[in-house]
Amino acid sequence: MDAVGTIVHFLHLTSGAAWLGGSLFANLFLVPFALRQPIDRRRQLIHSLLLGPERLMIGAALLVVVTGLTRGILFGPIVTLEALSRPYGLVWMLSIIIVAMVFVTGGRVTGAAIHRLTQEGDLWTGQSATATRRRDALSRRLVIGFRVELGGILVVLGLMVVLRYL
């Protein structure tokens, strides 16, 4: 592997580590901490702890995708469409599909729940049963979204290990 390939590999590993580490930290510490806080602090904590690092996490995830595609196509065995029908190509494509599903989950489930929880003031100011149910439903959606994202990242990590042996 030449210098450019080494840099691409390094960026792929470090951005992957950042994405995985951020997801683990959010799942194990940030989300449970924010959701256990008193109701008057919860909205601000969700905003600062979960929405704050969103751009960094999206950037790390996008860098994983770009460097993964580059590693497979420019520095790997994916040189023809036929290569996609071989074991390496199939595992590589499966990982791309799973990463796409993680992105969709992040945008449509997790991110949407964070944005609604931080922008809809009536969820936090009103003590009505409807506001409480909606806030609790969005909080559950947030937890589920983060867990699905982490699960997808872990599956892709496992597939990357498999790729080393194909």
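The values are calculated or read from the model by the stated rules, or taken from the named source; none is laboratory data. Bear in mind that the values here come from a model prediction, so they are computed numbers and not experimental data. We place every Cβ from the backbone using ideal geometry, glycine too, and count neighbours over all the protein chains shown. When the accessible area is computed, the model is the full protein with side chains, heavy atoms only, and any ligands, DNA or RNA have been set aside. Shrake-Rupley method; radii C 1.70, N 1.55, O 1.52, S 1.80 Å.
Computed values, structure above
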{"item": "By accessible area with a 1.4 Å probe, ligands and nucleic acids excluded, highest first: order of Leu24, Leu138", "result": "Leu24, Leu138"}
{"item": "Cβ-derived FRET efficiency at R0 35 Å, Ala112 paired with Arg86, nearest 0.05", "result": "0.40"}
{"item": "In order through the range 22-28: 3J(HN,Hα) via Karplus (6.51 cos²θ - 1.76 cosθ + 1.60), integer Hz, x for Gly, Pro", "result": "x, 5, 4, 4, 5, 5, 8"}
{"item": "Gain upon complete extension [Val79, Glu54; 0.36 nm per residue less C-alpha separation]", "result": "5.6 nm"}
{"item": "Size of electric dipole in the chain: Cβ of Lys, Arg +1 and of Asp, Glu -1, about Cα centre, debye, nearest 20", "result": "540"}
{"item": "Residue-normalised accessible area of the range 46-142, expressed per residue, 1.4 Å probe, Å²", "result": "56"}
{"item": "Heavy-atom accessible area order for Val79, Val162, Val99, largest first, 1.4 Å probe", "result": "Val79, Val162, Val99"}
{"item": "Percent RCO, i.e. relative contact order, over the chain, from Cα pairs under 8 Å lying at least 6 residues apart", "result": "29"}
{"item": "Accessible-area ranking of Asp40, Asp2, Asp136, largest first, probe 1.4 Å", "result": "Asp40, Asp2, Asp136"}
{"item": "Heavy-atom accessible surface of the range 126-166: percent carbon and sulfur, 1.4 Å", "result": "64"}
{"item": "Compactness of the chain as Cα Rg over 2.2 N^0.38 Å, two decimals", "result": "1.23"}
